[in-house]
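Down below is the structure, laid out as structure tokens.
Every number here is computed from the coordinates shown, using simple stated rules; none is lab data. Keep in mind that this is a model prediction, so the values were computed, not measured. For neighbour counting, all protein chains shown are included, and Cβ atoms are generated from backbone atoms with ideal geometry for every residue, glycine included.
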Amino acid sequence: MATTNPVTITAPEGVPYIDITREFDAPVSAVFAAHSNPELVKQWLGPNGYEMEIDEYEFVSGGRYKYVHRNPEGEEFRFNGVFHVVRENDFAIQTFEYEGFPDVVSIESITFEDLGNGRTRLSGHSVYPSLEARDGMIESNMELGVTEGYERLDKIVAQL
């Protein structure tokens, strides 16, 4: 099932943040469940063709996460963070660190908005410690991973 819902990624000049917005043809409860259940997260997070191994994933206030993505060539990309606030079917704040760039930690908020008629708007706001760090994230081809991941998420939430 192909989606007609585009991903909007905005990185305004001169400020160290990225905004990502995407709508889903699924209720908030399904989109939230796909973010909170590590077995579901493994199926959609990241670029196509990558394997994901989760060491730790507790999508609750005060929880932590740690995982690795492996590309088809076997290269590993490790990530970790803390879920500072998680409100079911509503909102989350987390830190995000790519271990390939240690000490560069972003703070991300995710809003799950009920649009009615079984539709959801997911909005993410990521703040980086510098413009250089933000630009490095943009240049890492994150847009491809986000877009492909959300396309897989469409299929998962359609089944929930």
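General observations
- Coarse-grained scattering of the stretch 88-155 at q = 0.19, 0.24, 0.25 Å⁻¹, given as base-10 log I(q)/I(0) from a Debye sum over alpha-carbon atoms: -0.90, -1.18, -1.22
- Neighbourhood charge, 12 Å Cβ-Cβ cut-off, centred on residue 33 and excluding it, Lys, Arg +1 and Asp, Glu -1: -2
- Percent of Cα-Cα distances greater than 20 Å, calculated over the chain: 49 percent
- For the stretch 75-124, the gyration tensor built on C-alpha atoms gives a prolate shape. Its axis ratio a/c (a ≥ b ≥ c) is at least 1.5, and a/b is the larger of a/b and b/c.
- CD proxy at 222 nm, helix term only [per DSSP H run n ≥ 4: -39500 (n - 2.57); per residue of the chain; nearest 500]: -8000 deg cm²/dmol
- Summing charges over all other residues whose Cβ lies under 10 Å from the Cβ of residue 119, with Lys and Arg as +1 and Asp and Glu as -1, gives -3.
- Centre separation in Å (Cα based) which lies between the stretch 1-68 and the stretch 117-146: 10 Å
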